[in-house]
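A short worksheet on the structure shown next.
The values are calculated or read from the model by the stated rules, or taken from the named source; none is laboratory data. Note that this is a predicted model, so its numbers are computed, not measured. Every residue, glycine among them, receives a Cβ derived from its backbone with ideal geometry; neighbour counts consider all protein chains shown. The protein model used for the area step is the full one, side chains on, heavy atoms only, and it has no ligands, DNA or RNA in it. Shrake-Rupley method; radii C 1.70, N 1.55, O 1.52, S 1.80 Å.
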Amino acid sequence: MLLIMGIPAPASAQQSDCGEHLAIDHAFSSGATWSMCLSVEESHGLTIHSVRYRAPGDSLRSVIAEAHLGQLLLHYHDSAEPVAQIDPAQQPPRSAEASDIIRMNENSCDGTRLNVSGHVAAVCSRVRDNRILAKYAQRPAIQSQKLEISSAFQRETLTWTSSFTFTEDGQIRPGLSLSGRAVNTGFDPEHAEAIAADTAPLTRATLLANWRLVFDLDTPAIDRVEQFDFPLDVANGNRRPMQVRTLSTEALLQVDRENFRGWRVIDDSGAGYYLDPANSGFSYRNTGTDWSQSDAAVTAFEPCERHAWLNTGDIIPGSQDAQAQACGESLDDYVDGDSLQMQQPVLWYSLSRTLDPRIEDWPVIRDIALEFDLTPFDWTAASPFEVNQ
């Protein structure tokens, strides 16, 4: 069952007033439910608001206040500086006729196309099969499903599709894909033979994607952020004892692959979400943007700190706040030692990838995707799905 409303819904269907945003409720056959509000913005595309999850037999509980792309950098290796794909000053709010938001059609969306934020068919909603949800002894396994929400925007000849996937068992998967026509890659039909023979000079590029995740877990208490490490203890049989450290002030963070480092956001109730950067296999280095050399950051919530770089200080599209000057332009300004005990934490997470041009990328780039998982834990004392066995 998918209930979609373009106006504020009654409390029985939508627990928060979405205002001008699009309200969505989706209930799986197990009784698990996702509830949220959606909007699209010229600067970064899809934004999810007031995200709530209900496990079977449980109450509807808050998870995320707001989440969206924080920045996209495309750095061609023959250029000194990256090209920012998110520049709010260059992409102000505009009419649907002059918008960079792409209108979905039957080829780009095989699900339900939704009108949102004044844009027709700007969001695609799909329900698909997911992995096994539960398996007990010799009884048949329960197959789960997932709800995928996506929206796309254009930058010159490139198409960026941002998405959020919500699984039946409470997992959230932010994602990004790049497609479109090749640009600044050295591809030329006349050089096809040289490209195939790997003798033509091609321009490589590095893609850096950053997400802004404003958590608001369960109870009104301020959430806390913890860093997990599992260092190898050779002296004690090559075990990996767990080390947990609470992050009390704003900080730039690095992935430590040797120690299997990860981060979790946890509420006073014990409910939380864990970010395991297992798919972080690339690193990006650029001296002009110090923040981009970190894999993640945690900051205290400020409503006008919305983009990791080239931030304008806008709280909402088209509005200016008196404190905009104090917001800063990038994560380098946001991370200034503020306490994380007075405001909800904001997790900024980055993934990078090297783009190696191939003959297959001419004239249309193969779909390139980045995604990571936010895994829930301790939302219920026992599996809420065993009642379905």
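Sequence-ordered 3J(HN,Hα) estimates for region 36-46 from the Karplus curve with 6.51, -1.76 and 1.60 and θ = phi - 60° stand at 6, 10, 10, 8, 10, 10, 4, 5, 9, x, 5 Hz, glycine and proline given as x.
Each Cα pair under 8 Å and six or more residues apart adds its sequence gap; the mean of these over the residue count of region 52-164 is a relative contact order of 16 percent.
Residue by residue, region 153-164 carries 3J(HN,Hα) couplings of 9, 9, 9, 6, 9, 9, 10, 10, 10, 9, 8, 9 Hz when phi is fed to the Karplus relation 6.51 cos²θ - 1.76 cosθ + 1.60 (θ = phi - 60°); x denotes Gly or Pro.
Annotation: peptides 253-266, 224-237, 104-117, ranked by per-residue average of other Cβ atoms within 10 Å with the highest first, follow the order 253-266, 104-117, 224-237.
Computed over protein heavy atoms with a 1.4 Å probe, the accessible surface of region 54-153 works out to 48 Å² per residue. Residues whose amide H falls under 5 Å from that of residue 313, counting only those 5 or more places apart or on a different chain, are 306, with hydrogens built in the peptide plane.
What is the percent carbon and sulfur in the accessible area of region 63-166, measuring with a 1.4 Å probe over the protein chains and ignoring ligands? Let's see the in-between values first.
Details: 2220 of 4860 Å².
For region 63-166, the apolar C and S fraction of the accessible surface comes to 46 percent.
Rounded to the nearest whole Hz, the Karplus-based 3J(HN,Hα) values (6.51 cos²θ - 1.76 cosθ + 1.60, θ = phi - 60°) of region 52-60 follow the sequence 10, 10, 10, 6, x, x, 9, 8, 6, with x at glycine and proline.
Quantify, in whole percent, the carbon and sulfur part of the accessible surface of region 238-279 (1.4 Å probe; protein heavy atoms only). Roughly 45 percent of what the probe reaches on region 238-279 is carbon or sulfur.
Amide hydrogen proximity for residue 365: with H placed 1.01 Å from N in the peptide plane, the residues at 5 or more positions away or on another chain lying under 5 Å are 180, 181, 182. Extension gain for residue 29-residue 239 works out to 71.5 nm (0.36 nm per residue, less the C-alpha to C-alpha distance).
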